[in-house]
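A short write-up of the structure that comes next.
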Amino acid sequence: MGARPLTLMLISLSVKLTAAQVDSVWIVPGGVVLGGDTIAALRFCDSPQFQAQNETLEAWLGPWVVVNGDSVDHVLQMSEEGEPPILVPAGGSSTLNMAMPSNSTHRLRSLTQRGDLLGLETMVRGEWEDFPHYEWNLNEWDPSATWSLAALEEVDETEPYVPRQFTINDLNFPLTLEDSTAHVQTSVGDVVLISIANHGRMDQVLHFHGFHVEILQASAHENRVGWSKDTVPVKKGECVVVKLETNQSGEYPVHAHNLVAVTNAGFYPGGMITIITVEP
């Protein structure tokens with residue numbers, strides 16, 4: 001699918017913050033270009049202006065105000081058990097409380113088909129141990145479906161699903177290497193944490209070259225906590241957190257273990273690939 005003009009309207013809103021509402025995030029429609037495809041999108045942004053990548057929310061900062069700059073209502077759900085969904089009306093705002101355990105990572109997502117398939121989902125992190133922390137949000141995209149949803153049409157999810165683009169943090173390789181939250185850069189002997197959330201409709205499996213990682217959280221596979229693996233499954237909707245302890249220098253790829261997921265519109269290499277760079 002070639003480039004097409006972006007026709008989605010951005011709605012600028014303002015919100016007054018109180019002492020208990022110290023941070024805000026905006027739901028903003030727009031469009032992105034991935035591997036030659038222009039894709040309609042919804043994002044959680046740090047201002048009323050559209051940005052290509054979703055903002056990560058930090059739960060320890062307290063409640064967040066969610067401001068809806070989209071033309072339709074959205075119902076948002078935290079993946080943590082027991083958290084009720086909240087309604088954010090079109091043109092309005094709601095407060096999202098984030099009482100969650102430390103050392104845990106969760107998803108925030110829209111329960112509407114429009115929000116879900118246009119990418120209105122992000123990572124919410126509780127406080128973790130004091131190590132550098134990287135974020136890999138996995139997703140995949142069918143450009144034609146996104147434009148149907150942008151036009152307020154519905155998509156038949158029983159039809160064959162053939163996405164063309166695969167992303168980490170809403171970017172595909174090689175652009176993932178320009179993202180400081182995805183491209184792990186560290187030194188020999190250091191420890192880093194990586195939170196991984198699969199927001200797409202497909203299960204994924206990530207393969208690490210050069211290292212094994214310890215699984216600290218696996219929301220769909222709690223029995224895997226404590227395992228040391230070089231290949232980590234991440235089911236759709238799952239949040240996984242791993243610890244990487246580096247013992248050798250060099251550059252080591254991490255990629256989805258599914259050939260189609262490491263392409264951009266069918267061209268290899270692309271998609272879900274990033275790099276771990278370890279300095280001596």
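Would you confirm whether or not segment 198-209 contains a residue that is in a strand (DSSP E or B), more than 16 Å from E251 (Cβ to Cβ) and of a type in the set (D, E)? Please lay out each step first, then the result.
Residues of segment 198-209 that are in a strand (DSSP E or B), as a first pass: 198, 204-208.
So of that shortlist, the ones also more than 16 Å from E251 (Cβ to Cβ) come out as 198, 204-206.
Pick out the ones that are also of a type in the set (D, E) and you get none.
No, segment 198-209 contains no residue that is in a strand (DSSP E or B), more than 16 Å from E251 (Cβ to Cβ) and of a type in the set (D, E).
Output the number of the condition that H207 fails; it satisfies all remaining conditions of (1) out of contact with any strand residue (DSSP E or B) (no Cβ under 6 Å at 6 or more places or on another chain); (2) surrounded by fewer than 17 Cβ atoms within 10 Å (Cβ to Cβ); (3) in the same structural domain as K236 (by TED's automatic domain parsing).
(1)
With the condition kept exactly as written, say whether any residue in segment 197-218 is out of contact with any Phe, Trp or Tyr (no Cβ under 7 Å at 6 or more places or on another chain) and basic (K, R).
no
Would you pick out the residues in segment 224-251 that are closer than 17 Å to R107 by Cβ and in contact with a Ser or Thr (Cβ under 8 Å, 6 or more places away or on another chain)?
Across segment 224-251, the qualifying residues are G237, E238, C239, V240, V241.
Please specify each residue of segment 175-215 satisfying the condition of being in contact (Cβ under 8 Å) with a residue 24 or more places away in the chain and within 13 Å of L34 (Cβ to Cβ).
Within segment 175-215, the subset in contact (Cβ under 8 Å) with a residue 24 or more places away in the chain is 176-177, 179, 181-211, 213-215.
Selection gives T176 alone.
Restricting attention to segment 37-45, does a residue exist that is part of a loop (DSSP other than H, G, I, E, B) and in contact (Cβ under 8 Å) with a residue 24 or more places away in the chain? Write out each step before concluding.
Here is the first cut: in segment 37-45, the ones part of a loop (DSSP other than H, G, I, E, B) are none.
No, segment 37-45 contains no residue that is part of a loop (DSSP other than H, G, I, E, B) and in contact (Cβ under 8 Å) with a residue 24 or more places away in the chain.
Can you find even one residue in segment 151-174 that is surrounded by 14 or more Cβ atoms within 10 Å (Cβ to Cβ), more than 19 Å from A261 (Cβ to Cβ), among the hydroxyl-bearing types (S, T, Y) and more than 19 Å from the chain's Cα centre (by Cα)?
Just the residues of segment 151-174 that are surrounded by 14 or more Cβ atoms within 10 Å (Cβ to Cβ), to begin with: 155, 163-173.
Okay, now just the ones that are also more than 19 Å from A261 (Cβ to Cβ), so 155.
Filter once more, so that each one left must be among the hydroxyl-bearing types (S, T, Y): none.
No: zero hits.
Can you confirm whether I215 is assigned by TED's automatic domain parsing to the domain that holds H183, under 17 Å from H133 (Cβ atoms) and modelled with pLDDT of 95 or more? Before you say what the answer is, go through the steps one by one.
Details: assigned by TED's automatic domain parsing to the domain that holds H183: yes; under 17 Å from H133 (Cβ atoms): yes; modelled with pLDDT of 95 or more: yes.
For I215, the condition - assigned by TED's automatic domain parsing to the domain that holds H183, under 17 Å from H133 (Cβ atoms) and modelled with pLDDT of 95 or more - is met.
Give me a count of the residues in segment 5-45 that are at pLDDT 95 or above and surrounded by 14 or more Cβ atoms within 10 Å (Cβ to Cβ). Quick ask: steps written out before the conclusion?
First, pick out the residues of segment 5-45 that are at pLDDT 95 or above: 25-34, 37-45.
Checking the rest, the ones that are also surrounded by 14 or more Cβ atoms within 10 Å (Cβ to Cβ) come to 25-32, 34, 37-45.
Looking only at that region, the number is 18.
To keep it simple, each residue is scored yes or no on (1) in contact with a strand residue (DSSP E or B) (Cβ under 8 Å, 6 or more places away or on another chain); (2) more than 14 Å from V25 (Cβ to Cβ); (3) hydroxyl-bearing (S, T, Y); (4) modelled with pLDDT under 95.
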residue: Q49; (1), (2), (3), (4): yes, no, no, no
residue: N54; (1), (2), (3), (4): yes, no, no, no
residue: V75; (1), (2), (3), (4): yes, yes, no, no
residue: S79; (1), (2), (3), (4): yes, yes, yes, yes
residue: S94; (1), (2), (3), (4): yes, no, yes, no
residue: L138; (1), (2), (3), (4): yes, yes, no, no
residue: W141; (1), (2), (3), (4): yes, yes, no, no
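Just need a number here: residues in segment 228-244 that are surrounded by fewer than 15 Cβ atoms within 10 Å (Cβ to Cβ) and either over 22 Å from the mean Cα position of the chain (by Cα) or not in a loop (DSSP other than H, G, I, E, B) (or both).
Matching residues across segment 228-244 total 2.
Could you tell me whether S102 is among the polar types (S, T, N, Q) and surrounded by fewer than 17 Cβ atoms within 10 Å (Cβ to Cβ)? If you could, list the steps in order and put the result at the bottom.
Values: among the polar types (S, T, N, Q): yes; surrounded by fewer than 17 Cβ atoms within 10 Å (Cβ to Cβ): yes.
Considered against the rule, which asks whether it is among the polar types (S, T, N, Q) and surrounded by fewer than 17 Cβ atoms within 10 Å (Cβ to Cβ), S102 comes out as yes.
Can you tell me which condition M98 does not meet? The list is (1) farther than 19 Å from T146 by Cβ; (2) out of contact with any helix residue (DSSP H, G or I) (no Cβ under 9 Å at 6 or more places or on another chain), and all the others hold.
Against the list (1) farther than 19 Å from T146 by Cβ; (2) out of contact with any helix residue (DSSP H, G or I) (no Cβ under 9 Å at 6 or more places or on another chain), M98 comes up short only on (2).
Is it the case that some residue within segment 153-170 is touching an Asp or Glu at 6+ places or on another chain (Cβ under 7 Å), assigned to a strand (DSSP E or B), aromatic (F, W, Y) and touching a residue at least 60 places away in the same chain (Cβ under 8 Å)?
yes
Tell me the residue from A256, A220, A182, A261 that is touching a strand residue (DSSP E or B) at 6+ places or on another chain (Cβ under 9 Å) and either among the basic types (K, R) or at pLDDT below 95 (or both), please.
Working: A256 fails: either among the basic types (K, R) or at pLDDT below 95 (or both); A182 fails: either among the basic types (K, R) or at pLDDT below 95 (or both); A261 fails: either among the basic types (K, R) or at pLDDT below 95 (or both).
Matching residue, one of A256, A220, A182, A261: A220.
The values are calculated or read from the model by the stated rules, or taken from the named source; none is laboratory data. From a predicted model like this one, the values you see are computed outputs, not experimental measurements. Here Cβ is always computed from backbone atoms with ideal geometry, including for glycine, and neighbour counts include all displayed protein chains.
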